[in-house]
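What follows is a set of notes on a single structure, which appears directly below.
The values are calculated or read from the model by the stated rules, or taken from the named source; none is laboratory data. Nothing here was measured: the structure is a model prediction, and the numbers come from that model. We place every Cβ from the backbone using ideal geometry, glycine too, and count neighbours over all the protein chains shown.
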């Protein structure tokens, strides 16, 4: 995931360094490429963080729901 983001960010930096005039191109709803690309990087980082959080859970989702159900049953007795 790091290398995917690194490639996207490197592309952003390289466009700014070597073809800065392209960042002024209007691409979406009157917004230029710099704004769209920048916000896209931020949103993509949040998506990657969410995926990483899901992958790094200490217990699988199935175990979590079955433990919660067992606790609820014991509490109701």
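Results, tabulated for the structure shown:
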quantity	calculated
Criterion violated by residue 8 - all others in (1) at pLDDT below 90; (2) surrounded by 10 or more Cβ atoms within 10 Å (Cβ to Cβ) satisfied	(1)
Test: residue 14 is surrounded by 12 or more Cβ atoms within 10 Å (Cβ to Cβ), in a helix (DSSP H, G or I) and modelled with pLDDT of 90 or more	no
Residue 57 vs. criteria modelled with pLDDT under 90 and part of a loop (DSSP other than H, G, I, E, B)	yes
